[in-house]
Amino acid sequence: MAESARPHSIRRTLLVYLGVLSLIGAVLLFLAARSYGRAAADRSYDHLLIASALSIADSVALVDGQWQVDLPYAALDLLAMAPEDRVYYRVSSNRGAGRDGGTITGYADLPAPPSPPLDGKPKLFDAMYLGERTRFVAVSRWVAGPASQGQAIVQVGQTRIAREALADDVVLRALIAIVALSLAALALVWVGVHRALRPLQKLERDLSLREPSDLKPVPGSVPLELGELVGALNRFMGRLAASNETLRAFMGDAAHQMRTPLAALRAQAQLALDEDDPAEQRRSLVMIERNANHMSRLLNQLLSDASAIHRSHLQQFETVDLAELLHQALYESIPQSGPRPDLNLAVTSDPVRVQGDALLLREAIKNLIDNALKHGQPRPGQAGGPLQIALTVAAGEGNAGSSAVLTVADHGPGIAAADAQTVFERFARGRDAASGGAGLGLAIVKRIVDSRGGRIDLSNRVGGGLVVTLRLPRSLL
C-alpha cells in the first residue's frame with residue numbers, strides 16, 4: 001500500500017520562503033556593507049596618500065639644471081597615523097643632470113603606475129611590493145627653472161594593514177546590525193504568519209463546533225484573501241441546505257402519498273382473505289391490482305421527481321436536439337400495441353438545439369404527453385380531435401435570443417383560472433382532473449424548465465381543451 005503524501009503546511013511554506021528571503025537579504029546586506037567598508041577605508045587613506053604626494057611635489061625644484069628636493073617629513077607624518085603600516089616614496093624626473101627618467105630620491109624599485117599620471121591629476125593603484133599588497137599614488141608636476149624645465153613624478157605608497165583593519169571594523173559593526181535586524185525580521189515573520197493564519201484557525205474551530213445539521217453561512221468578516229473561499233463555502237452550504245430540505249420534503253411527501261394506497265392494499269387483501277365467495281374475492285383482487293398499478297405509477301413519478309431534483313442540482317448540461325428528444329418521448333409515451341391515439345405532429349425544419357440534460361428534457365416532454373393522453377379526452381357530448389403537438393422556433397424580443405417552443409394542445413376540459421398556478425405544485429391536481437393521477441407531472445416539468453431558464457404557460461383553447469406551451473432558450477452551437 002502506497003504511503004500517503006505528507007500534508008502540505010501553509011505555515012511551513014510561508015516561514016521557509018520568508019526565512020529564505022530574509023537570509024538572502026542579510027547576505028546581500030553583508031556584501032554591500034563589506035564593499036562599502038572597503039570603499040570607505042580606501043577613501044579615507046587615499047586622501048592622506050594624495051595629500052602627502054602633493055606636499056612632496058610642492059617641495060621639488062629645478063636649480064641650475066639640477067633637481068633639488070627639500071623633503072617635507074611632515075607629509076610622511078600624516079601616514080604615520082597608522083603605525084602598523086609601512087610607507088614608501090619615490091621622486092623621479094624625466095629630465096635633468098643627465099638622468100632623464102631617473103630616481104631623484106626614495107625607493108628606486110617601486111612599481112611603476114599602469115599609465116603615466118597626468119599633470120595635476122593623482123593616479124591611484126594597487127601593487128605588490130616586498131611581498132605585501134600596497135596602495136600607491138602617483139602625481140606629476142612640471143617644474144621650471146631659470147634656464148630649463150622638467151616634469152617631476154612623485155610616488156607614495158602605504159601598505160593596506162590599517163585600511164583592512166578599518167574595513168573589517170566597519171563590516172563587523174554592520175554585521176552585528178544585520179544579525180540583529182535579521183533576527184527581528186524573522187521574529188516579525190513568525191508573528192505575522194501566525195496572525196495571518198489566525199482567521200483560518202478561527203474558521204476551522206467554528207466549523208468543527210457546529211452540529212451536522214447547522215448549515216448557516218459563516219458569520220463575521222474575514223480577510224480579503226479568504227473572502228472568495230468563505231463565499232464559496234457559504235454558497236456550497238446553501239446548496240447543501242436546500243438539497244437537504246428538498247430531500248426531507250420529498251421523503252415526507254413520499255411517505256404521506258404511499259401510506260394511503262398501502263393501507264388500502266392491506267385492507268383489500270385482508271378482505272379477500274376473509275371472503276368465501278369467489279366472485280367477491282375476484283372483485284377484491286381486481287381492486288388490489290388497480291391500487292397496485294396506482295402505487296406503481298405513483299412510485300415511478302416519485303422516482304422521476306427525485307431524479308429531476310438531483311440532476312437539476314448537478315447542472316451537467318450539453319447541447320441536445322429537441323426534435324430528436326420529442327420523437328423519443330413520443331415513442332416511449334404512445335402505446336405500441338392496441339389502439340393508438342389520434343395525433344397531429346408538426347416539427348419545424350430549422351435546427352432546434354438547446355442546452356440541457358437530455359434525460360430530464362425527454363422526461364418533461366413525456367409528462368406533457370402523458371397528461372394530455374390521460375386528462376385531455378373530451379367530455380361526453382363535446383367534440384374531440386387529434387392531440388396536437390408542435391415544435392417551432394420563435395424570435396427573441398430585444399436583445400434576447402431565439403427560443404424553442406413546444407406546444408401540446410388537447411381537447412379535454414381545460415383548466416380553471418384558479419388552478420393555473422397551483423397545478424405546478426407537487427401533489428396538486430386540478431379540480432376537474434381525472435382520478436388516478438399523482439399530481440407530480442406538471443411539477444416535474446416546471447422544475448426541469450426552470451433549471452434551464454425556460455418558461456411554461458397554460459391556457460384554454462377555443463372550443464375546449466388545454467394548451468401547454470413550453471419555451472426554452474435556443475442554443476446557437
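Miscellaneous remarks
- Under 5 Å between amide hydrogens, built in the peptide plane, is the criterion, and for LEU466 it picks out ASP410, HIS411, GLY412, GLY414, ARG461 among residues at least 5 positions away or on other chains.
- Using a Förster distance of 35 Å, the FRET efficiency for THR392-ALA242 (Cβ separation, nearest 0.05): 0.50
- If R0 is 41 Å, the Cβ-Cβ spacing of HIS8 and SER349 corresponds to a FRET efficiency of close to 0.10.
- Applying 0.36 nm per residue to the separation of GLN66 and LEU224 and subtracting their alpha-carbon distance, the gain on full extension is 48.3 nm.
- In this label model, SER59 and ARG86 are separated by 2.1 nm, measuring between points 7 Å along each Cα→Cβ vector.
- Each of GLU211 and ALA180 was given a label point 7 Å from its Cα along the Cα-to-Cβ line. The distance between the two points is 5.9 nm.
- Most to least packed among 465-475, 279-289 [average Cβ atoms within 10 Å]: 465-475, 279-289
- Using a Förster distance of 35 Å, the FRET efficiency for LEU124-ALA187 (Cβ separation, nearest 0.05): 0.20
- Here each label is just a point 7 Å from Cα along the line to Cβ, and for LYS202 and PHE30 those points are 4.0 nm apart.
- Stretching ALA39 away from GLU289 to a fully extended chain increases their span by 79.3 nm, per 0.36 nm per residue minus the current alpha-carbon distance.
- Here region 11-168 yields Rg over Rh of 1.22, to two decimals, using C-alpha coordinates and the Kirkwood radius.
Here, each number is a calculation from the coordinates, and none is a lab measurement. Just so it is clear, the model here is predicted, and its values are computed rather than measured. All Cβ positions, glycine included, derive from the backbone under ideal geometry; neighbour counts span all protein chains shown.
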